[in-house]
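Asker: Dumping the structure here so I can ask a few things about it.
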Amino acid sequence: MGGMSAQPQYTIAVRALCEFTAKTGDLDLRFTPSPTAQEGIAGHAVVTARRGDDYQTELALSGDFGPLRVRGRADGYDARANRIEEIKTYRGDLKKMPDNQRQLHWAQVKVYGHLLCQDQGLDKVNLALVYFDIGSQKETVLQETHTAASLQAWFEQQCTLFLQWAQQELAHRAERDAQLKAMRFPHGDFRPGQRQLAEAMYKASKRGVCLLAQAPTGIGKTVGSLFPMLKASAEHGVDKVFFLAAKTSGRQMALDAVEVIRAGAPLLPLRTLEMASKSTACVNPDKACHGDSCPLAKGFYDRLPAARQAALDIMLPPASGSEPESGATLLALDRDTLRAVALAHDVCPYYLSSEMARWCDIVIGDYNYYFDLSAMLHSLTLLNDWKVNVLVDEAHNMVSRARKMYSADMEHAALRLLRKVVPEELKKPLDRVHRQWNQLEKDQTAEYQSHATLPEKFMGALQTAATAIGDYMAEHPSYVDAGLQEFYFNALLFTRLAESFGDHALFDIEKSEGARASHSNSVLCIRNIVPAPFLKPRFESTHTTALFSATLSPWNYFGDMLGMPDTTAWVDVESPFVAEQLSVQVAAHISTRYQHRQQSLRPIAELMGEQYRRQPGNYLAFFSSFDYMEKAANQFAEHYPEVPVWRQSRRMDETERAQFLARFTLDSAGIGFAVLGGSFGEGVDLPGARLIGAFVATLGLPQINPVNEQIRQRMDAIFGAGYDYTYTYPGMQKVVQAAGRVIRTQSDRGTVYLIDDRFGRPEIQQLMPAWWRIESALLRP
Ligand code: SF4
């Protein structure tokens, strides 16, 4: 945020300034989220189109106050009327808009008013808040006239309120960057491979390009990526690092890495925040997020300043010069710490965490926070013009996770139920959707069908229904119905995704029999299959994004699917493991194809039994489905009753999963039967004798079904690689992940059996780690 001038300068957006200085009272999300982003943009366009020719829109303005630079874009200026306008779209009854929200809008337009007077040398200006009702398309205009002098006084007052905080921020930033520049690698020395990864990260940031890093297990990836990115922050003027993880365990590893780095640099002021999901952070899940319902939303903004300061103070390092107490923990705002601060100040932990994201150097959270449709960290980045470096951990998950973020489905049965219970006003619009839906079902003879275009009439009806529900909820804020709410959000998501429907998605209808035979049921789905068009702009608004994982090949697959910019660099970090550590055997005399499964059971059991006899110990065996796994386990148990067998079961909860893994001890012996792509195929760490081998009896290929076949056709049309992009690559990633459970450290030794003749093919072996030495298993053990 530092400017180019000799004096350190703190730049802040008008909106961010006013949110800091002029937001008081309750947290209240009832009025704000009603219009969708698209409706908001469309609403602005309607209003500005109604103005005269010389009406200026998006007027860039800025002004200084001491070290502060305040900048922003005013929605509109009508020079003839000398009127500056702030346009706000809404739904429902304007009188119900909370007063503190109105005050915030006035604060913003007053700041713009001052900046305009200063820019154009005006001595007075008309300020207008234009409230545009999405439903009726009518404007309500509130207007006041202010003199340049009074606006200047207002501006200076707001700046003064923020100045102390800005100075604290500038001091923090200067100290942070000085300490980061001086920081040394915490372990004294890099582990093998770790330096290569760290250098690639640093270089990517230096060049301002994205990076795909394939980095094997066991090299200390988390420290090896966070450390260089922090160094880079100081050197390349980066405001923040976002560390995004696929799972909670990944967030914990990042927190641990920060602890390691800070322990090696005890004077480093580093503010680290862990974002938990709203559902886990919420203290009152039975309440709604406004002051009339939740006590932690009531007066939220009045107590926020103290909570905010307390949260920052927790992360302060010991004062420079004083020796840090030995063993003193340097606190980060992990979810428990943040919750404690929030509760001590009677504010909502979730909304305190979103506030703290503005002021922290490292934000650790789920992929969603930067990549999904309404990603908070992404909007903050744009709003504040932050320069961010983003780290994406276990990035092989990105394709499937991002597809989900940009897909939506709706079930007819849910609408049928809903129609019966909704208020009278909503019956008609919902009936229209229902009728259109019936028609779609009638028109489709096949059980599953993918359609090239969206059904226009249905989408029209859905849009109208969503608008009606939105209006109804805005007018009856106390009406709560979970089913209606869910339908509403789904309908909004559906219409939003419909706006950007294209090659990257499928629209399909899958019919099934309903509860009563007379009622057919169906699921409509907008199914994103190539998230690239959505993610590309996200990458582009970062300084660097580095995606890393043990399995990120082939590059072109990830580059194409995720929309990585053409300038993206990639690195394949050398493994610290050597071929001697792992015996990789291809059992090419067995076929695990569906039609050969029955015949495969016996040779698989013999292969496993023989290996176990030669080398008793702990093994995992992976299969393509529960059914196959059960049959193989039964066969094995029958022939080798003396060998302990553990089986994964369907829908294991966290405790059961932990129990399953707890059987793999340093002196146990047995075979765990599991399903590939399930809980035990990745993210499981069983070093040393806890796991000495794995049997992989499947190529992990996704099932051939109508949806996947549609995907294959589309992949073929877009990338010319239908089969590989749909089946081979996703499958082999799972195989390599599963086999990767065996060797965890440089002292591990182990064996992997790849059971299927197709594992012998060169194009398949090319997808395996370069350090593996692949041999053929004997035909008959
Ligand atoms: S505690 Fe829960 S209900 Fe209350 S404001 Fe926070 S998220 Fe909303």
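The values are calculated or read from the model by the stated rules, or taken from the named source; none is laboratory data. This one's a predicted model, so the numbers in the text were calculated from it and none came from an experiment. Note: ideal-geometry Cβ built from the backbone for every residue, glycine included; neighbour counts use all protein chains shown. With ligands, DNA and RNA removed, areas are computed over all heavy atoms of the protein, side chains included. Shrake-Rupley method; radii C 1.70, N 1.55, O 1.52, S 1.80 Å.
Asker: How many residues are open to solvent by less than 30 Å² (accessible area, probe 1.4 Å), out of contact with any strand residue (DSSP E or B) (no Cβ under 8 Å at 6 or more places or on another chain), in contact (Cβ under 8 Å) with a residue 40 or more places away in the chain and away from the ligand (no atom under 16 Å from the Cβ) when one looks only at region 331-376?
Answerer: 2
Asker: Within region 377-398, count every residue that is open to solvent by less than 10 Å² (accessible area, probe 1.4 Å) and part of a helix (DSSP H, G or I).
Answerer: So the count comes out to 4.
Asker: Mind checking which pairs have a first residue in region 73-84 that is assigned by the TED database to the domain that holds Ser62 and a second that is among the acidic types (Asp, Glu) and in a loop (DSSP other than H, G, I, E, B), Cβ under 6 Å, 6 or more apart or different chains?
Answerer: Pairs that qualify, where the first residue is assigned by the TED database to the domain that holds Ser62 and the partner is among the acidic types (Asp, Glu) and in a loop (DSSP other than H, G, I, E, B), are Ala79/Asp54.
Asker: On to the next question. Restricting to region 127-139, count the residues that are open to solvent by 50 Å² or more (accessible area, probe 1.4 Å), in contact (Cβ under 8 Å) with a residue 40 or more places away in the chain and of a type in the set (Ser, Thr, Tyr).
Answerer: 0
Asker: Hand me the list of helices (runs of 4 or more DSSP H) wholly inside region 698-781 holding 3 or more residues that are crowded, with 21+ Cβ neighbours inside 10 Å.
Answerer: 729-739
Asker: Looking at Gln444, Gln449, Gln439, can you tell me which residue is within 30 Å of Tyr725 (Cβ to Cβ) and open to solvent by 50 Å² or more (accessible area, probe 1.4 Å)?
Answerer: Gln449
Asker: For residues that are more than 22 Å from Asp361 (Cβ to Cβ) and of a type outside the set (Lys, Arg), tally how many sit in region 214-249.
Answerer: Residues that pass the stated criteria total 8.
Asker: Using the structure shown, decide if Leu104 is touching a residue at least 60 places away in the same chain (Cβ under 8 Å) and either closer than 27 Å to Leu382 by Cβ or among the β-branched types (Val, Ile, Thr) (or both).
Answerer: Yes.
Asker: Next up: For Tyr367, indicate whether it is hydroxyl-bearing (Ser, Thr, Tyr), modelled with pLDDT of 90 or more and in the same structural domain as Asn284 (by the TED database).
Answerer: Here the answer is no, as Tyr367 does not meet what is asked.
Asker: Filter region 471-512 down to residues that are charged (D, E, K, R) and open to solvent by 70 Å² or more (accessible area, probe 1.4 Å) and give me whichever is nearest to Met97 (Cα to Cα).
Answerer: Among residues in region 471-512 that are charged (D, E, K, R) and open to solvent by 70 Å² or more (accessible area, probe 1.4 Å), the one nearest to Met97 (Cα to Cα) is Glu475.
Asker: Conditions: (1) more than 9 Å from the ligand (Cβ to nearest atom); (2) on the phi < 0 side of the Ramachandran plot. Gly299 meets all but one. Number of the miss?
Answerer: It fails just one condition, (2).
Asker: In region 624-664, what residues are outside any helix (DSSP H, G or I) and touching a strand residue (DSSP E or B) at 6+ places or on another chain (Cβ under 8 Å)?
Answerer: Passing the criteria: Ser624, Ser625, Val643, Pro644, Val645, Trp646, Arg647, Gln648, Arg663, Phe664.
Asker: Can you tell me which residues in region 274-294 are surrounded by fewer than 19 Cβ atoms within 10 Å (Cβ to Cβ), within 8 Å of the ligand (Cβ to nearest atom) and touching a residue at least 24 places away in the same chain (Cβ under 8 Å)?
Answerer: Result: Lys278, Cys282, Val283, Ala288, His290.
Asker: Give just the number: which of (1) open to solvent by less than 60 Å² (accessible area, probe 1.4 Å); (2) at pLDDT below 95; (3) more than 30 Å from Ile362 (Cβ to Cβ) does Gln194 not satisfy?
Answerer: With respect to (1) open to solvent by less than 60 Å² (accessible area, probe 1.4 Å); (2) at pLDDT below 95; (3) more than 30 Å from Ile362 (Cβ to Cβ), Gln194 is out only on (3).
Asker: In region 461-470, what residues are open to solvent by less than 30 Å² (accessible area, probe 1.4 Å) and over 26 Å from Ile711 (Cβ atoms)?
Answerer: Across region 461-470, the qualifying residues are Ala461, Ala465, Ala466, Ala468, Ile469, Gly470.
Asker: Count, please, the residues in region 362-376 that happen to be of a type in the set (A, V, I, L, M), outside any loop (DSSP other than H, G, I, E, B) and touching a Leu at 6+ places or on another chain (Cβ under 8 Å).
Answerer: 3
Asker: To continue, here is another question. Kindly establish whether Pro305 is open to solvent by 20 Å² or more (accessible area, probe 1.4 Å), in contact with a Leu (Cβ under 6 Å, 6 or more places away or on another chain) and either part of a loop (DSSP other than H, G, I, E, B) or not basic (Lys, Arg) (or both).
Answerer: no
Asker: Here is a further query. Could you list, ordered by first residue, the pairs with Cβ atoms under 9 Å in which the first is in region 199-219 and free of Cβ contacts under 8 Å to residues at least 40 places away in the same chain and the second is of a type in the set (D, E, K, R) and part of a helix (DSSP H, G or I), at least 6 apart or interchain?
Answerer: Tyr202/Lys231; Tyr202/Glu235; Lys206/Glu235
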